[in-house]
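Below: one structure, written as structure tokens.
Read the figures in this text as sums done on the coordinates, not as results from a lab. None of these values were measured; they are calculated from a predicted model. When we count neighbours, we look across all protein chains shown, and the Cβ atoms used for this are built from the backbone with ideal geometry, even at glycine.
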Number of protein chains: 2
Amino acid sequence: MQMETPYSKAITRKYPEAVAIAVARSPEGRDNPITLGWSMITSGDPPMFAMAVALGHYSREIIEQAGEFVLSFPSLAMAEAALYFGTHSGREVDKLKSFPLPTQRASSVDTVLFSDAVANFECKLDSQLVTGDHMLFVGRVVKSHVNQDADEKRLYTLKPGFVMGRAEAVPLEE
Amino acid sequence: MQMETPYSKAITRKYPEAVAIAVARSPEGRDNPITLGWSMITSGDPPMFAMAVALGHYSREIIEQAGEFVLSFPSLAMAEAALYFGTHSGREVDKLKSFPLPTQRASSVDTVLFSDAVANFECKLDSQLVTGDHMLFVGRVVKSHVNQDADEKRLYTLKPGFVMGRAEAVPLEE
């Protein structure tokens, strides 16, 4: 049975929610990562991702200017970095200098891949749309990369307050 | 270390992926549910959801015509229904007649809530955008509902081939 409740309370039923990191290169040549709770696939052929970035965020400007980005699925080992990238602004700090992570150059997009991520997708910005307080960016995947270790697990937010961890797959009982 | 790989292979690292069901009322007055693998929040204030519906699907037409929909987070008990709603077309069958589920009328949107879902969000269509082979719909939440049972778990796709189940939250070790 359903009961009406404020959105702020209802939305706490959404977890676990997959974490992603978008990274784009600034005009000054700084690779700027931002951690996102809101991303999804939005086309199968051609493959495309959608992601929402807060309108006021530095990353919103950088992604627009670059017209391209890498969308990365962080691994569990990247949890602290994801928290740092999601709670600091590239306007004030060079995030990858303050919190260095192993990276590799992307090949079709002028920014980096995260070496320890589960997967990285090089994307060309296809379209964008203002949705409330966020910019919804749509990117077409032009190149895909995965971690050599197939057992690396994606990072998820488990509950409010940036509590992150693993989402263990438990099949339904027959 | 990252290695380049075809998208079709890389994207299999995405799981678990949360399942949603969108339901909208056809001009003939039939509530038509469709199961979606691709949905996300896209604004905090006002609250908004984005979801991708295949361009050729009947539900794409119905949601456009209705200009409103309910986005539902199915519970584990709804797995079979979710599979049915996702693999049949409302052009050929009345899905809720063929696979009846307990529903309640929504109050601000002319369609139904799923009584056994984890949560239901009544949405007014705010904007839409063609993204590759899918229509990206953006809806503004006007009313929210949750299951009285706070322990109901959201349904996730665990691997390719519609394998569904639970995504158990496992916090990182300190």
Taking the inverse of the average 1/r across all pairs of different Cα atoms in the stretch B:1-57, what Kirkwood radius in Å do you get?
14.3 Å
Given C-alpha coordinates of the stretch B:25-96, what is the ratio Rg to Rh with the Kirkwood estimate of Rh?
0.96
Place a point 7 Å from the Cα of A:GLU168 in the direction of its beta carbon; the residues of the stretch B:158-174 whose amide N falls under 11 Å from it are B:168-171
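How much mean residue ellipticity at 222 nm does chain A get from its helices, if each DSSP H run of length 4 or more adds -39500 (n - 2.57) and you divide by all residues, to the nearest 500 deg cm²/dmol?
Computed ellipticity for chain A at 222 nm equals -3500 deg cm²/dmol.
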Debye intensity ratio I(q)/I(0), log10, the stretch B:48-134, q values 0.15, 0.17, 0.21, 0.24 Å⁻¹ (C-alpha model):
-0.60, -0.78, -1.23, -1.52
If amide H atoms are modeled at 1.01 Å from N in the peptide plane, then the residues at a separation of 5 or more from A:THR42, or on another chain, having amide H under 5 Å from its own are A:MET48, A:PHE49, A:ALA50
Could you work out how far the C-alpha centroid of the stretch A:116-130 sits from that of the stretch B:29-51, in angstrom?
21 Å
For chain A, averaging the sequence separation of alpha carbon pairs under 8 Å that lie six or more residues apart and dividing by its residue count, the contact order in percent is 26 percent
Residue-averaged beta-carbon neighbours from other chains (10 angstrom radius) around A:44-53
6
Taking a cut-off of 13 Å, what percent of all Cα-Cα pairs in the stretch B:123-174 are separated by more than that?
76 percent
Of all alpha-carbon pairs in chain B, indicate the percentage at a distance above 26 angstrom.
28 percent
Stokes-Einstein, Kirkwood over Cα pairs, the protein assembly as shown, 25 °C, 0.890 mPa s; D in µm²/s equals 121 µm²/s
For a quick check: with amide H placed at 1.01 Å from N, whose amide H comes under 5 Å from B:MET135's, ignoring anything fewer than 5 positions away on the same chain?
B:VAL53, B:ALA54, B:LEU55
When A:LEU55, B:LEU125, A:LEU71, B:LEU155 are arranged by how many other beta-carbons sit within 10 Å of their Cβ, fewest first, they go A:LEU55, B:LEU125, A:LEU71, B:LEU155
On average, how many beta carbons from a partner chain sit within 10 Å of the beta carbon of a residue in A:147-159?
3
Please compute the average number of Cβ atoms from other chains found within 10 Å of each residue's Cβ in peptide B:31-43.
5
Read phi for every residue in the stretch A:104-113 and hand back ³J(HN,Hα) as whole Hz from Karplus 6.51 cos²θ - 1.76 cosθ + 1.60, θ = phi - 60°, with x for Gly and Pro.
10, 5, 6, 10, 10, 10, 7, 7, 10, 9
Along the principal axes of its C-alpha atoms, what lengths does the stretch A:75-174 span, in descending order and rounded to whole Å?
47, 31, 31
